[in-house]
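Written out below as structure tokens is the structure these notes cover.
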Amino acid sequence: QVQLVESGGGLVQAGGSLRLSCAASGRGLGIYNMGWFRQASGEEREFVAAIRYTGGDTSYPDSVKGRFTISRDNAKNTVYLQMNSLKPEDTAVYYCAAQYGSLWPLEKSAIGYWGKGTLVTVSS
């Protein structure tokens with residue numbers, strides 16, 4: 001079992017930055033591909049970023065590429081999402097996710113563990 005707890009969300013003006021953290025407990029993250037999804041009010045949960053368990057590969061959708069950076073510290077059992085140049089359309093609840101296996105990048109249907117989410121609000 002893995003428990004994931006997100007932190008770092010909040011209110012920020014457009015153009016600003018936030019760094020989200022995802023702390024894991026219960027089992028080491030070293031064997032999981034990790035990622036972030038987000039869900040805006042009334043929308044489907046969508047993929048935001050992924051990083052392989054080795055930390056060697058990352059993946060982003062076009063909507064955040066060049067603005068968001070995912071990283072991980074397996075020794076600290078923590079995954080990060082650095083978000084720069086934030087836009088109002090980035091407003092959502094951001095969820096940390098852990099996926100075991102070779103499927104790449106992360107897919108909602110294959111996620112083994114979810115965090116409870118942290119709210120990011122970007123004002124215009």
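The values are calculated or read from the model by the stated rules, or taken from the named source; none is laboratory data. Source: prediction; values computed, not measured. Don't worry about glycine lacking a Cβ; one is built from the backbone with ideal geometry, like all the others, and counts go over all protein chains shown. Just so you know, the surface numbers come from the protein's heavy atoms only, side chains and all, with ligands and any DNA or RNA stripped out. Shrake-Rupley method; radii C 1.70, N 1.55, O 1.52, S 1.80 Å.
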Go through region 67-76 residue by residue and turn each phi into a ³J(HN,Hα) via Karplus (6.51, -1.76, 1.60, θ = phi - 60°); whole Hz please, and just put x for glycine and proline.
-> 10, 10, 9, 9, 8, 8, 10, 5, 5, 9
Taking the alpha-carbon set of region 1-60, what are its Rg and Dmax in Å?
-> 13.4, 38
Can you list the residues, at least 5 places off or on another chain, whose amide H is less than 5 Å from the amide H of residue 27, using H built in the peptide plane?
-> 3
State, as an integer percentage, the relative contact order of region 1-91 based on alpha-carbon contacts under 8 Å between residues 6 or more apart.
-> 32 percent
Among 11-20, 67-76, the order from most to least packed when residues are scored by Cβ within 10 Å on average = 67-76, 11-20
Karplus-derived 3J(HN,Hα), 6.51/-1.76/1.60, for each residue of region 32-43, Hz, glycine and proline x | 10, 6, 10, x, 10, 10, 9, 9, 7, 4, x, 10
Compute the Kirkwood hydrodynamic radius of the chain, taking the inverse of the mean of 1/r over all pairs of distinct Cα atoms, and give it in Å to one decimal.
-> 14.2 Å
For region 25-30, just list the computed ³J(HN,Hα) in residue order, Karplus coefficients 6.51, -1.76 and 1.60, θ = phi - 60°, integers in Hz, with x standing in for Gly and Pro.
-> 9, x, 6, x, 7, x
The long-range amide H neighbours of residue 72, using H built 1.01 Å from N in the peptide plane and a cut-off of under 5 Å, are 80
Could you please state how large a percent of the accessible area of the chain is carbon and sulfur, counting protein chains only and using a 1.4 Å probe?
-> 46 percent
